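Taking it in order: structure first as structure tokens, then the write-up.
The values are calculated or read from the model by the stated rules, or taken from the named source; none is laboratory data. Here the structure is a predicted model, which means the values were calculated and not measured. No Cβ is skipped: glycine too gets one built from the backbone with ideal geometry, and neighbour counts run over all protein chains shown.
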Amino acid sequence: MDLNIIWMLLIGYLLGSIPSGVWIGKIFFNKDIRNFGSGNMGTTNTFRVLGKKAGIVVLLLDMLKGSAAALLPLMFHSNANALLIGLSAIFGHAFPLFAHFKGGKTVATSVGVLMIYNWQFFLLAWAIFLITMYVTSMVSVASMIGFTLITISSLFYHDWVLTVVALVLTIFVYVRHWSNLGRIARGEENMVPFGFGYRRRQKKNH
């Protein structure tokens, strides 16, 4: 294997391992977000525990990790596939070296990789996710349905690497959200405070 590829995969993994939510919580709020809410270190739990501003910062940082990893082939003047190198950051976010290998659900970091790999498909994927989240008011459902639709949409780009990676990430997202499925079925899943699903639950509770 090309030595540069080994370096890129290692750097990508280390970038992905940066636990943005944990560090932001500890430095600025004196809180470890893993001890609150869902116990996850990702964007959604950051919004829930630390508020909107911190959540937006963590969202951007987690996306940036993926984008930075996907840019490594350009920095190393390599012909390596940016999407495949970006997977190392996604893996790092899921199993971070700097957070005892207990990481997030990889959605934001995956989006960051996609933004560099194919910005047009990134915009399509982002639109699918936002529309699904607005309809359901649940990040977990939006993530699962969104990745499923993104995988199907990738077939029209005739890029087998994109389709295979999207399929693998979709399966991984479902696995990471497995514990959410029971709460969704019982109508107990946490909701964002907007959208059709949220308004429907508010009306039902009143």
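Some points to look at:
- Among residues of the range 70-122, those that are farther than 16 Å from residue 21 by Cβ and in contact with a Pro (Cβ under 8 Å, 6 or more places away or on another chain), counted: 5
- Search result, residues across the range 116-139 that are closer than 14 Å to residue 154 by Cα and surrounded by 15 or more Cβ atoms within 10 Å (Cβ to Cβ): 117, 118, 121, 122, 124, 125, 126, 128
- Which numbered condition residue 101 misses (of (1) at positive phi; (2) in a helix (DSSP H, G or I)): (2)
- Number of residues in the range 71-98 that are under 16 Å from residue 109 (Cα atoms), of a type in the set (Phe, Trp, Tyr) and either in a loop (DSSP other than H, G, I, E, B) or touching a Leu at 6+ places or on another chain (Cβ under 7 Å) (or both) equals 1.
- Residue 161 satisfies every condition listed in (1) surrounded by fewer than 18 Cβ atoms within 10 Å (Cβ to Cβ); (2) assigned by TED's automatic domain parsing to the domain that holds residue 55 except (2).
- Counting only helices (runs of 4 or more DSSP H) that sit wholly inside the range 128-196, those with at least 2 residues that are closer than 28 Å to residue 80 by Cα and in contact with a Leu (Cβ under 7 Å, 6 or more places away or on another chain) are 139-154, 160-176.
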